[in-house]
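These notes are about the structure you will find just below.
Here, each number is a calculation from the coordinates, and none is a lab measurement. Remember, it's a predicted structure, so these values are computed and weren't measured experimentally. Here the Cβ is made from the backbone with ideal geometry for all residues, glycine too, and neighbour counts use every protein chain on show.
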Amino acid sequence: MKIIVGLLILVTVFGVRVDAAPQIGQVAPDFECVTADGQTVRLSDYRGKVVVLDFWASWCGPCREEMPFLVDLYRENREKGFEVLGINIDNKKKNMEKFLTKLEDRPAFSILLDNEKKVAALYEIETMPTTIFIDPQGIIRYWHHGFTKSHKKEYREELHLLLNPDKRRVAK
Amino acid sequence: MLRARKVEDVGVVKRGGFAFGWVFCLCGTVMAQALPEDEIQINFSNYFDSFDVAIIYPSVTLTKKMSKSTSVTGRYLVDMVSAASIKNAGSSGEGEASSDEDEEYQTRVDAVTSASGYGEGSAFDDVRYEAGLGFTQLVGLGTMSVNGIFSRENDYQSATIASSLSQSFAKKNTTIGVGFVRSWDTVSPETKDWERDKNVTTLSANVSQILSTRVVAQVLGSYTTESGYLADAYQQVTINGEDLDPIHPDNRVRKAAAGRLKFRLTEKSSMQVGYRYYWDDWDVTSHTGSLNYKRYLSSNVIVGLGVRSYLQGRASFFKPSYDQVETFITTDIKLDSGFSNELQFDLTIHGDENNLLGFLGDKIQYNLSVSLYQRHSDTPYWFNGSKDLLSTDFNFGIRYRF
Amino acid sequence: MKKVVLLMLLCLASGCATVQPYEREGLSDPIMILDENAIESGRKEHHLDYREGTKGATGAQSGGCGCG
């Protein structure tokens, strides 16, 4: 029985996440990535704007559900200093392209190709999709794991707060 | 002398068991540490065997997220059973029912089926209705579910409640799940004037482990206790020319342990191997081995081929024949030694805007499965004297995710 | 013997190889999910349970795609 209890503790310890990942309130780690259009961009290029990092893949159901919403959210707010970086981690670009082609509206924001998962590893992504809100000063303000329809309202509210700093309250 | 028996004698579908099967699959869905997708699934299933039993059972299942952490599933199913050999008083087996008593029995069965709306000339001898409702709740990295199923037919009623918990570890590489199922069944055979209870409780556990980007493994175990009336009242044990009701123990403890390994062969194909060992306190043991191969024929079409082999040992009190009444007597061939083999074929087609089947977009999926099954028991089946059963099972399903 | 087996299982469970959620493209494929159609799996098991005298230790689990 002691062995069993000890091993269960071991399992639990191994299962506990070591918090080396970026945290809310910290500066979002900078990175460089190639877009689907072949351009090279850095996260720091977007300092001064509210940025959403969306880690997604074509094989991920909730990611496919989230993408059309982000397309609409970007279209409604891009003029207000809002940017979305869709960081795709598909092994093959053609799978990503096939999914984007089927969308009613193709994203107007940049799609970054991270098929080597370097950016995903930098941010220690634990769920697909992971959606991170970064304020104009480059500080991580909100971090979302997964996506369901109920997230839409949260995203709109959080974006509104970030775009209107005088109404911002401390992130949860 | 052969006496006409009720459809259930052939033991193809016994009611409480189906509820159990569905409950388990719901628990399994839960254990994927994510809410099930919103979907409606309609299945039209058919079963035919060499004992002249035919079953048609349509079903519909609806799953819907109520919030970001809660999902609800509802299901409704109807079993419609037809048994030509029973209707013809066992003409396919040894002897024929010719006595006035058998004719009276046949009439009584017809009278009962008439009462339930399926009388003489009807296509079906028995109908079972089943409805279920379940809830799935995300709790942190874990999942909890509770499901209830109610099943009813003329001579059998079953109420089942099932719950399960699962928890993920190590970035969801490991998932541990536990389950609990409790059934309260009431057996009221039409040929008897009594009603008996049967209670089943099952504890289960499983551990799933991602071994690499190409391999997943799972170990499972279950522990079941049954109590109450555990025999089949429609079966008869003939001893020295006298037909007697079977006598089974009032309790049974059943255990099983299994392992499954699924690995990717190529970019377009995978293989799953599985093994299960079963044992119980009636001394029945079994070994089950399976192989399942799946392959993409195109980006929208998946074909599957599976084989399954099964070997079973005999219960301690089962005898091909009895010279005298003993503490326990039975003719249930499910307690006899024997083996079975099954060949399965599956076809899954995902809707696509480029084909006619995708008129509802890429959210629709069509499933077709056919299985050919052969079972051999070491003792001839008392009803028709055959040691071998051949059957085919066919299912067509539509699955729409919304 | 039981403790040895349990020890092995728990060592297995402790994550001898950790696959990151973003590395699970292959595992999220429908052909890699242990019971991609749980209802179909349950239906098949039901037939087998009542043509044969044994049952249990069947379930559905998958490593999943790490999706939330």
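Here is how the numbers come out for the structure above:
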item	result
Charge context of C:Tyr22, other residues only, Cβ under 12 angstrom, K/R +1, D/E -1	-2
Charge context of B:Gln272, other residues only, Cβ under 9 angstrom, K/R +1, D/E -1	+3
Other-chain or far-sequence residues with amide H under 5 Å of B:Asp126's (modelled H)	B:Val81
Cα-based Lys pair tally, the stretch A:36-135, threshold under 17 Å, eight or more apart or on separate chains	9
Two-site label geometry, B:Phe394 and B:Val301: point separation in nm, points 7 Å out along Cα→Cβ	2.0
Exercise: per-residue mean of other protein chain Cβ atoms within 10 Å, B:216-228	4
Residue-by-residue Karplus 3J(HN,Hα) for the stretch B:273-283, coefficients 6.51, -1.76, 1.60, Hz, glycine and proline x	10, x, 8, 9, 10, 10, 8, 8, 8, 9, 6
Hydrodynamic radius of the stretch A:63-113 per Kirkwood, over alpha carbon pairs, in Å	11.5
Förster radius 30 Å - calculated FRET efficiency between A:Lys118 and A:Arg156, Cβ distance, rounded to 0.05	0.45
Mean separation of Cα contacts under 8 Å, 6 or more apart, over the residue count of the stretch B:207-366: relative contact order %	17
Per DSSP, loop GluC sites (Glu not before Pro) in the stretch B:197-293 with at most 15 further Cβ within 10 Å	B:Glu267
Inter-probe distance in nm under a simple model that places probes 7 Å from Cα toward Cβ, at A:Ala108 and B:Ala159	5.9
Per-bin percent of Cα-Cα distances, the stretch A:95-172 [5 Å]	3, 11, 18, 21, 23, 15, 7, 2, 0
Segments B:49-59, A:128-138 sorted - mean Cβ within 10 Å per residue, highest first	A:128-138, B:49-59
Modelled label reach - B:Met144, point 7 Å along Cα→Cβ, the stretch B:157-193 residues with backbone N closer than 11 Å	B:164-166
Karplus (6.51, -1.76, 1.60) ³J(HN,Hα), θ = phi - 60°, over the stretch C:39-56, in Hz, Gly and Pro reported as x	5, 5, 4, x, 5, 5, 5, 4, 4, 5, 4, 9, 9, 10, x, 10, 7, x
Shielding by other protein chains, B:201-212, mean Cβ within 10 Å	5
Vicinal HN-Hα couplings computed from phi for the stretch B:188-203 (Karplus, 6.51 cos²θ - 1.76 cosθ + 1.60; Hz; Gly/Pro x)	9, x, 5, 8, 10, 10, 10, 9, 10, 9, 9, 10, 10, 10, 10, 10
FRET E, pair B:Asp362, B:Asp245, Förster distance 56 Å, beta-carbon r, rounded to 0.05	0.50
Estimated FRET transfer efficiency (B:Met66, A:Thr40; beta-carbon r; R0 45 Å; 0.05)	0.55
Average beta-carbon neighbours from other chains, 10 Å sphere, peptide A:119-131	4
Exposure proxy order (Cβ contacts within 10 Å, fewest to most) of A:Trp59, B:Trp279, A:Trp143	B:Trp279, A:Trp143, A:Trp59
Ranking of B:Lys387, B:Lys171 by count of other Cβ atoms within 10 Å, fewest first	B:Lys387, B:Lys171
Cysteines in chain A lacking a second Cys C-beta under 4.7 Å	A:Cys33
Around B:Gly313: net Lys/Arg minus Asp/Glu count, Cβ-Cβ under 11 Å	-3
Helix-only CD estimate at 222 nm, as mean residue ellipticity for chain A, using -39500 (n - 2.57) per DSSP H run (n ≥ 4)	-10500 deg cm²/dmol
